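Presented below is the structure to which this report refers.
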There are 2 protein chains.
Amino acid sequence: MARRAYDLAYERECRAIRAKVEQMLEADDDIRQIWRIHDYLSKERRETDQKYDYRYSVLIFVFARLINEGWITEADLSGLGPDKTQEIKALLRFGREDEVNS
Amino acid sequence: MARRAYDLAYERECRAIRAKVEQMLEADDDIRQIWRIHDYLSKERRETDQKYDYRYSVLIFVFARLINEGWITEADLSGLGPDKTQEIKALLRFGREDEVNS
């Protein structure tokens, strides 16, 4: 169940990156636009490679981040077990309080 | 005149790269296609950065290569002066003989 939510988030994020590339191609006919697209994809590849880490020890942080960024919802994690779900909810609350206080 | 031919080749090559990216997007809806496009753009960026070198000392080699690859024709270099044009033609002949003998 965790794997399903993880794969779903990755798929959604890849589709959003693809849509952005298509939009960049449409928006500008300048010959250097392909290098701007290359810069954009380099940045996204670094970020997604770093973000999508399926090691058990970091997984609750990964899921909290994916929820926070809107790639999945808490409902997508329904099969994860109550302990893990509570930990993720606590992380999200902590993150929100942190935003309010900063 | 040399600059015009050089810029023309660069523009044509960038447009061909863009067309290839558009074709790759159309050809495959797989989520990992964006990373294949990123690999392709990384390769092309390395190659074009290395190829498009406007230093006077290397320019006849650059032009011979651009003609050989079909990005410009000998006619595009008409304003370059007879000496340089002859040198480029000699390079192209040499390249063709080399291909025949290899």
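The values are calculated or read from the model by the stated rules, or taken from the named source; none is laboratory data. Treat the numbers as computed from the prediction; the structure is a model and nothing was measured. Every residue, glycine among them, receives a Cβ derived from its backbone with ideal geometry; neighbour counts consider all protein chains shown.
The requirement of being under 22 Å from A:ILE34 (Cα atoms), within 11 Å of the chain's Cα centre (by Cα), part of a helix (DSSP H, G or I) and in contact (Cβ under 8 Å) with a residue 24 or more places away in the chain is not satisfied by B:GLU11. When you look at B:THR85, is it without any contact (Cβ under 8 Å) to a residue 60 or more places away in the chain and closer than 30 Å to A:LYS20 by Cα, yes or no? Taking the combined requirement at face value, the residue does not satisfy it.
Under the condition of being at pLDDT 95 or above and more than 7 Å from every other protein chain (Cβ to nearest Cβ), the residues counted in the stretch A:18-29 number 6.
What's the number of the only condition in (1) free of Cβ contacts under 8 Å to residues at least 40 places away in the same chain; (2) facing chain A (nearest Cβ under 10 Å) that B:GLU74 fails to meet? Among (1) free of Cβ contacts under 8 Å to residues at least 40 places away in the same chain; (2) facing chain A (nearest Cβ under 10 Å), the lone unmet condition for B:GLU74 is (2). Selection within the stretch B:40-55: residues that are over 15 Å from B:GLU69 (Cα atoms) and within 13 Å of chain A (Cβ to nearest Cβ). The member of this set that is surrounded by the most Cβ atoms within 10 Å (Cβ to Cβ) is B:LEU41. Of all residues in the stretch A:45-83, those satisfying the criterion of being in a helix (DSSP H, G or I), closer than 19 Å to A:ARG93 by Cα and of a type outside the set (A, V, I, L, M, F, W, C) are A:ARG65, A:ASN68, A:GLU74, A:ASP76, A:SER78, A:PRO82, A:ASP83.
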